[in-house]
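Structure first, commentary second.
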Amino acid sequence: MKTLILGANSAIAKAVAEILAGKGEELYLASRNYEETERFASHLRVKYGVKTYADRFDAMDYDSHGPFFRKVLKEMGEIDRVLIAFGYLGDQERAVRDFSEARRIIEINYLGAVSILTHIVPYMEERGKGTIAAISSVAGDRGRGSNFTYGSAKGALSIYLSGLRNRLYRKGVRVVTIKPGFVATPMTAHLDLPKRLVSKPERVARDIVMAIEKGKDEVYTPGYWRFIMWVIKAIPEPIFKRLNLR
Ligand SMILES: NC(=O)c1ccc[n+]([C@@H]2O[C@H](COP(=O)([O-])OP(=O)(O)OC[C@H]3O[C@@H](n4cnc5c(N)ncnc54)[C@H](OP(=O)(O)O)[C@@H]3O)[C@@H](O)[C@H]2O)c1
């Protein structure tokens, strides 16, 4: 199998890449910080003896996405799977007052994914098989005071993926929406989260690989987040607005 991972420097993406490399998969890793991506790609090459590529990819540099994807295809020959892992939590307090921060959050989490997918989708459609997976978030299931700009971008991503799944199902292409709960990564390192609800990236990565391999539609990871979000979504708005949820 040949997998393209976008935002490959993310802690969750790295844990996924370790599992896939352990299975002998060929990986094309791309992220903004090229030096780190190249270092990690060579670590996988040495540890697992697999073929890996490292490249630069910036979700906000929309004009580069077409040439980037053509280069990926030229080097890999073909792609079976794509994992979109990049994301940006941002500063909610700033995003309420400063449009440049709000825009950055929306661009990285939503528009960046939509932009690269406009190149990936026609390829997958024509090929008639393959899997597109993207990491959304439980934050996209309901707006919360602490992170609603990020949550709204992830919510938009989840809806986009749902429609894409609907479109591509009959063409043999699977679309997997991944909704992690709290994960201990650089993204959340500064937050005071309830420890019992925080998972390790390796735990979440196992669920992601399983979901991609099985071509699942939507996974909450760890699985108990499906129940938590079911409860959170069921709380009536007049009560919900009085709660101070993270
Ligand atoms: N941690 C959580 O609790 C949690 C919960 C739900 C969902 N998620 C989602 O899980 C995914 C992985 O995040 P993580 O938790 O593993 O955090 P992370 O380690 O901080 O990874 C985020 C990655 O996003 C990349 N990125 C940021 N802006 C980018 C851009 N403009 N273009 C390309 N890449 C960009 C960064 O790449 P560079 O290093 O190259 O800059 C960074 O490696 C994200 O989509 C996140 O929203 C995380």
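Among G172, S152, T185, whose Cα sits farthest toward the positive end of the charge dipole of the range 72-199 (+1 at Cβ of Lys/Arg, -1 at Cβ of Asp/Glu, about the Cα centre)?
G172
If you average the alpha carbon positions of the range 10-68 and of the range 82-107, how far apart do those two centres end up, in angstrom?
The distance from the Cα centre of the range 10-68 to that of the range 82-107 comes to 23 Å.
Could you tell me whether the range 144-246 comes out rounded, prolate or oblate from its Cα gyration tensor? Rule is a ≥ b ≥ c as square roots of the eigenvalues, rounded for a/c under 1.5, then prolate if a/b exceeds b/c, otherwise oblate. Intermediate results must be reported in sequence, preceding the final value.
On the way: a/c = 2.09, a/b = 1.37, b/c = 1.52.
Verdict is oblate for the range 144-246.
In square nanometres and to one decimal, what's the mean projected area of the convex hull around the Cα atoms of the range 121-174?
Working: hull surface 14.7 nm².
Spelled out: convex hull of the Cα atoms, projected over all directions, averaged, 3.7 nm².
Please report, to two decimal places, log10 I(q)/I(0) for the range 79-196 at q = 0.18, 0.23 Å⁻¹ as given by the Debye formula with identical point scatterers on the Cα atoms and no solvent.
-0.91, -1.27
Where the accessible area of the range 46-110 is counted over protein heavy atoms with a 1.4 Å probe, how much of it, in %, is carbon and sulfur? Let's see the in-between values first.
Values: 1700 of 3470 Å².
Within the range 46-110, the accessible surface is 49 percent carbon and sulfur.
Suppose all protein chains stay in the model; what accessible area per residue would a 1.4 Å probe give for the range 2-240, in Å²?
Numbers: 11230 Å² over 239 residues.
Counting only protein heavy atoms, the per-residue value for the range 2-240 is 47 Å².
Would you kindly give the portion of the calculated P(r) for the range 1-132 that falls above 27 Å, as a percent of all Cα pairs? Walk me through the numbers before you get to the answer.
On the way: 1754 of 8646 pairs.
Above the 27 Å cut-off, the range 1-132 has 20 percent of its Cα pairs.
Considering only the other residues whose Cβ falls under 11 Å of the Cβ of K214, what net charge follows from Lys and Arg at +1 and Asp and Glu at -1? Before the final figure, lay out the partial values.
Working: positive: R174, K216; negative: D207, E213, D217.
The answer is -1.
In square nanometres, what is the average projected area of the Cα convex hull of the chain? Present the calculation step by step, with values, prior to reporting the outcome.
Details: hull surface 52.8 nm².
With every direction weighted equally, the projected area is 13.2 nm².
Excluding R174 itself, calculate the net charge of residues whose Cβ lies under 15 Å from the Cβ of R174, where each Lys or Arg counts +1 and each Asp or Glu counts -1.
Residues close to R174 contribute a combined charge of +4.
If you take every residue apart from A205 with its C-beta less than 12 Å away from the C-beta of A205, what net charge results, scoring Lys and Arg +1 and Asp and Glu -1?
Details: positive: K14, K200, R203, R206; negative: E18, E202, D207.
Once all neighbours under 12 Å are counted, the net charge is +1.
The values are calculated or read from the model by the stated rules, or taken from the named source; none is laboratory data. All values reported here derive from a predicted model rather than from experimental measurement. With ideal geometry, Cβ positions are generated from the backbone for all residues, glycine too; neighbour counts draw on all protein chains shown. Quick note on the areas: whole protein, heavy atoms, side chains included, nothing else; ligands and nucleic acids left out. Shrake-Rupley method; radii C 1.70, N 1.55, O 1.52, S 1.80 Å.
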